[in-house]
Amino acid sequence: MLKKLFIIIKNLFIRPTPKVVTNINKPNPKKETIAFVIGHNVDAQGAEFKHGNYTYSEYEFYKRFLNRYLLPLLDFKAHIIERPTGSYSHQCNSVAKKCFDLGVTKSFNFHFNSANHRANGFEALVLEKTTSEMLQVVQELSSEFKSFGLNVRHDNGINRIDSNHNGYGMLSALSSSYVDAIILEPFFGSNQNDIDLVLSNMSGFAQCFANVFNNHFAEKNDG
Ligand SMILES: [Zn+2]
């Protein structure tokens, strides 16, 4: 009886072993390094549209948009990658190697669509093996673009492509280098309403991306 009492009293004065604190509230401690790849290259600049006195190509539009509008809004460092000139497979392999060397984990390839004047809105080209986190990013982008006033194509903007589709080579090359990669086509350069909407509010357009990217990558970026 005395012994039992002694143990109880002793336990009152001995500090309990501290519990191991785990970061269970942090969604994913994995570091991310993000790259934005400008569509096409300086020699073959991709599709074009006219707005006022200016003609914009995919290459020129995104080079300006990413550097001037999107990067300043981000709470993390991101790489901007330009494609070299040369054959398509050379471009794909060079970009994939650059991303691999930089330790890039996620890559967003920026293009705009072009078709008849009626087609409009946002879509993202993804592969069968694109991760669920990337699909979540696409879904969040699609709701941002909807609020901005753009149409959203397919199911939340997600268009799964196969080897017959433009862009498959780039996504495959990146994916072979362990980069989770998608192609973003937020609007149609062939649709006047899309162009007017985006060009009249470039800051708002950039904010759509920034809201989603900051939400996903600001805390765990290793860029
Ligand atoms: Zn393109």
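The values are calculated or read from the model by the stated rules, or taken from the named source; none is laboratory data. Everything quoted here is computed from the prediction, not taken from an experiment. Cβ sites come from the backbone with ideal geometry, for glycine too, and all protein chains shown count toward neighbours.
Overview of results
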quantity: Criterion: touching a residue at least 12 places away in the same chain (Cβ under 8 Å), over 28 Å from Asp196 (Cα atoms), among the hydroxyl-bearing types (Ser, Thr, Tyr) and within 14 Å of the ligand (Cβ to nearest atom) - qualifying residue of Tyr59, Tyr88; calculated: Tyr88
quantity: Residues of region 131-165 satisfying the condition of being assigned to a loop (DSSP other than H, G, I, E, B), surrounded by fewer than 17 Cβ atoms within 10 Å (Cβ to Cβ) and touching a residue at least 40 places away in the same chain (Cβ under 8 Å); calculated: Thr131, Gly149, His165
quantity: Qualifying positions in region 120-149 - within 16 Å of the ligand (Cβ to nearest atom), of a type in the set (A, V, I, L, M, F, W, C) and in contact with an Asp or Glu (Cβ under 9 Å, 6 or more places away or on another chain); calculated: Phe122, Ala124, Leu125
quantity: Identity of the residue in region 178-194, in a loop (DSSP other than H, G, I, E, B) and among the small types (Gly, Ala, Ser), that ends up farthest from Phe36 (Cα to Cα); calculated: Ser190
quantity: Test: residue in region 88-102 that is under 23 Å from Gly204 (Cα atoms) and hydrophobic (A, V, I, L, M, F, W, C); calculated: no
quantity: Count - residues of region 195-223 that are at pLDDT 95 or above and assigned to a loop (DSSP other than H, G, I, E, B); calculated: 1
quantity: Residues of region 44-64 satisfying the condition of being surrounded by 15 or more Cβ atoms within 10 Å (Cβ to Cβ), of a type outside the set (S, T, N, Q) and closer than 16 Å to Gln91 by Cβ; calculated: Gly46, Glu58, Tyr59, Tyr62, Lys63
quantity: Matching residues in region 102-119 - criterion: being away from the ligand (no atom under 16 Å from the Cβ) and not in a strand (DSSP E or B); calculated: Leu102, Gly103, Val104, Thr105, Asn116, His117, Arg118
